[in-house]
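To start, the structure itself, in structure tokens.
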Amino acid sequence: MSIFSNNIRFLRAKRDLSQQSVANELTISRVRYSKYENGVSEPPIELLIKISKYFHVSMDLLLSVDLCKYPTDEMLKLPDNRIVLPVAVDSLGNDTIEIIPQKASMGYLEGYSDVGYIESLQRIALPFLNNGKYRAFPADGDSMPPFRNGSYIVGKYVEGISELKPGKTYVFITLNDGITYKRFKEIKGNSVCVSADNTFYEPYDIPFNEIVEIWQYASGIFPEDFEPGDYESYNFKEMFRELKKDIKDLDRKVSKRRKV
């Protein structure tokens, strides 16, 4: 028997329905429906969609996740027929937080929709974080002090772009840049404008169609102390940023004189 056949049998039994009543709702014969539950045959795509809507479970879940292990009312569903994963808890009842590995962070772009990949990640629990789905992402670079390489940013899942708040920081999962942590500025047409706290970097826009997931900053994990001297590198880059700006201004003035 397939995962699909097990799932529809489980969902029907959970509702305490007979095969005949489900078949009637799908406008097919009971014999035909029983073949799907027994794994003898598989439904065509049109009927699969109908079954998905009838049980209020996405086709992704019906075909790839053993629902007997993860009750559907404990799953955090996403708009595009994905799930983040069942909201698991530790022995104390605290929600667990998946940790995306530092060395394999780009693999998240390939595995974010794979339930098996998500389940394979290590987890931690932070009792003060609740009422939402959280995940820990590795920091990279020097654009968002005090986070640096080796640090982790714990984000709370954001359901839509409309929920973004100017001035707040978010982890954006994007098709081109992978995992990036930035401060949201504003919505500009069909994109979001973000900026780094390190002013050496210029603000830039992320098109809506490149955004895969958004997680709002909730907490930070710092494996090492952030020494006061670490800010010197940021100040050094700030000096070059100002120098770059001065050069642009000078070049603009020279160009105007030449035109005169």
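Could you list, in sequence order, all residues of the range 165-183 that are in contact with an Asp or Glu (Cβ under 9 Å, 6 or more places away or on another chain) and over 13 Å from I206 (Cα atoms)?
Answer for the range 165-183, where residues must be in contact with an Asp or Glu (Cβ under 9 Å, 6 or more places away or on another chain) and over 13 Å from I206 (Cα atoms): P166, T169.
Out of curiosity, is G167 open to solvent by less than 50 Å² (accessible area, probe 1.4 Å), assigned to a loop (DSSP other than H, G, I, E, B) and modelled with pLDDT of 90 or more? Show your work before the answer.
On the way: open to solvent by less than 50 Å² (accessible area, probe 1.4 Å): yes; assigned to a loop (DSSP other than H, G, I, E, B): yes; modelled with pLDDT of 90 or more: yes.
Yes; evaluated as a whole, the condition is true for this residue.
Run V31 past the list (1) modelled with pLDDT of 80 or more; (2) hydrophobic (A, V, I, L, M, F, W, C); (3) in contact with a strand residue (DSSP E or B) (Cβ under 8 Å, 6 or more places away or on another chain); (4) open to solvent by 40 Å² or more (accessible area, probe 1.4 Å) and report the number of the one that doesn't hold.
(3)
For F184, state whether it is in the same structural domain as Y112 (by the TED database), touching a Pro at 6+ places or on another chain (Cβ under 7 Å) and hydrophobic (A, V, I, L, M, F, W, C). Reasoning before the result, please.
Details: in the same structural domain as Y112 (by the TED database): yes; touching a Pro at 6+ places or on another chain (Cβ under 7 Å): yes; hydrophobic (A, V, I, L, M, F, W, C): yes.
Answer is yes for this residue.
So that you can scan it fast, the table gives a plain yes or no per residue for (1) open to solvent by 30 Å² or more (accessible area, probe 1.4 Å); (2) within 16 Å of the chain's Cα centre (by Cα); (3) modelled with pLDDT of 90 or more; (4) within 19 Å of F208 (Cβ to Cβ):
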| position | (1), (2), (3), (4) |
| --- | --- |
| G141 | yes, no, no, no |
| M144 | no, no, no, no |
| V158 | no, yes, no, yes |
| F172 | no, yes, yes, yes |
| K182 | no, yes, yes, yes |
| E186 | yes, no, yes, yes |
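The values are calculated or read from the model by the stated rules, or taken from the named source; none is laboratory data. Note that this is a predicted model, so its numbers are computed, not measured. Don't worry about glycine lacking a Cβ; one is built from the backbone with ideal geometry, like all the others, and counts go over all protein chains shown. Calculation scope for accessible area: heavy atoms of the full protein, side chains included, ligands and nucleic acids excluded. Shrake-Rupley method; radii C 1.70, N 1.55, O 1.52, S 1.80 Å.
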